[in-house]
Amino acid sequence: MTGTPSGSTRQTILHWLRDPAAHFPAGRRRGDPAANGVTARAVAAKLGVPRRTAAAHLDLLARLGLLRTRRIRCRTHYRRDEVRIAEVSRLFEKGW
């Protein structure tokens, strides 16, 4: 799941989204990242990769249920789903 070769990138993204205000300062166009979430463009800029690459990582995390998405105008914003992350964490602790 997140342990694949690029799993470290996804783990980094999840870490950044734990405190989005610290890692993605609010811009005049983006609004509050803690309330609205973060766009793929902001994650791509921070990772130094193309937006499509960041979007692929974010979409995978969203399909796994670890991120929630919200459309604001024409952009998708991503936020952590803390309840689902805690459930998955418990599964790994129990050993499946």
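Structure notes:
- Our helix-only sum for the chain, with -39,500 (n - 2.57) per DSSP H run of n ≥ 4 divided by its residues, gives a mean residue ellipticity at 222 nm of -16000 deg cm²/dmol.
- The order of the peptides 53-65, 72-84 by mean Cβ neighbours within 10 Å, most packed first, is 53-65, 72-84.
- Amide H contacts under 5 Å for R68, placed H, 5+ residues apart: R79, R80, D81
- At 1.002 mPa s and 20 °C, Stokes D of the chain from Kirkwood alpha-carbon radius, µm² per second: 157
- The stretch between L47 and A26, if pulled fully straight at 0.36 nm per residue, gains 5.8 nm over its current Cα-Cα span.
- Extension reserve of the R68-A35 stretch, reckoned as 0.36 nm per residue once the Cα distance is removed: 10.7 nm
- Between the Cα long axis of helix 51-63 and the first principal axis of the chain there is an angle of about 40°, rounded to the nearest 10.
- In the chain, Cα pairs under 8 Å separated by at least six residues give a relative contact order of 22 percent.
- 0 to 90° range, to nearest 10: angle between helix 7-18 axis and the chain longest Cα axis: 60
No value in this document is a laboratory result; all are computed from the given coordinates. Only a predicted model underlies this, so the values are computations on that prediction, with no experimental measurement involved. Note that each Cβ is placed from the backbone with ideal geometry, even for glycine, and that neighbours are counted across all protein chains shown.
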